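Inspection log for the structure reproduced underneath, given as structure tokens.
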């Protein structure tokens, strides 16, 4: 089991400058065509929603629907064949002159 707090910390998320927007935490997939889910902006890093446990294994995706940013990166969930994980993309395109460019999903 994983949590957003744990996975974002492992990716180097800057908790001092970051912001997270969560859509839902019920483990249910919702397409954008369905009714608008509740959106929550997290500003308090002690928020219990950051410790919601989810399964990253194969099957159906269980990772919360969210987007996060800090001063250098954008963070998001990705999925391949039901397995999910978090990924970050630099806001500075020059970062990829010396680092591997983003390419997530199937390969």
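Values in this text are rule-based calculations from the coordinates and carry no lab data. Since the structure is predicted, the reported quantities are computational estimates derived from the model, not experimental observations. Here the Cβ is made from the backbone with ideal geometry for all residues, glycine too, and neighbour counts use every protein chain on show.
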**OP:** Would you please give the FRET efficiency between residue 85 and residue 21, computed as 1/(1 + (r/R0)^6) with r the Cβ-Cβ distance and R0 = 22 Å, to the nearest 0.05?
**Re:** 0.70
Original post:
How many nm separate the modelled label positions at residue 11 and residue 58, each set 7 Å beyond the Cα in the direction of the Cβ?
Top reply: 2.4 nm
Original post:
Full extension from residue 100 to residue 49: what is 0.36 nm times the residue separation minus their Cα-Cα distance, to one decimal in nm?
Top reply: 15.2 nm
